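Visitor: Here it is, the structure in full.
The values are calculated or read from the model by the stated rules, or taken from the named source; none is laboratory data. If you're wondering where the values come from, they're calculated on a predicted model, not measured in any experiment. Here the Cβ positions follow ideal geometry from the backbone for every residue, glycine too, while neighbour counts run over all protein chains shown.
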Amino acid sequence: MVRALIGLLFAANVLLLLNIPAVPAQAPDGAVKITSRMVAPGIGLSWGDGVLTYKGRDYPFTFKATGLFRDVDPAIAAAELSGEVLNLKNPEDLSGTYHKVEPATPQSGSASRATIRNQKGVVLNLTSSIAGRKFDLAREGMEIELKR
């Protein structure tokens, strides 16, 4: 019994040292892509359209955000923003107000990223596909509404 416990502790320590997750990453339930956007310069207001792809079907949506494209390269195109959708049980759950789960974490030489979640627990991992294109979500969040 003691040997089994020591073996288990050793294996757990090896996993921690190797930084290998013990639980596999969650597979995305769908994907989102921002297809058009308009920006009110100086105000930080952005709005536009996007598409949720869920179980092989496309569901159009609209969004409105304060500060989504704050301090962004003015040449950023709408199609440069996309992401994975997690915890989505049905398309209607995409609608809601999203707030940052973690700060945007631009990495040197890679795209800008942000993870946001709505009141229904739906998580969007947004990414700018072009290195150096920065975006950020303000405290007020982002409103998404599925088109009817």
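Visitor: List, please: which pairs have Cβ atoms under 6 Å, are six or more places apart or on different chains, and start with a residue in segment 79-99 that is within 14 Å of Ser128 (Cβ to Cβ) and outside any strand (DSSP E or B) and end with one that is modelled with pLDDT under 95 and not basic (Lys, Arg)?
Guide: Glu80/Ser128; Glu80/Ser129; Glu80/Ile130
Visitor: Next question, about the same structure. Taking segment 82-98, which residues are modelled with pLDDT of 90 or more and closer than 22 Å to Trp47 by Cα?
Guide: Gly83, Glu84, Val85, Pro91, Glu92, Asp93, Leu94, Ser95, Gly96, Thr97, Tyr98 - these are the residues of segment 82-98 that are modelled with pLDDT of 90 or more and closer than 22 Å to Trp47 by Cα.
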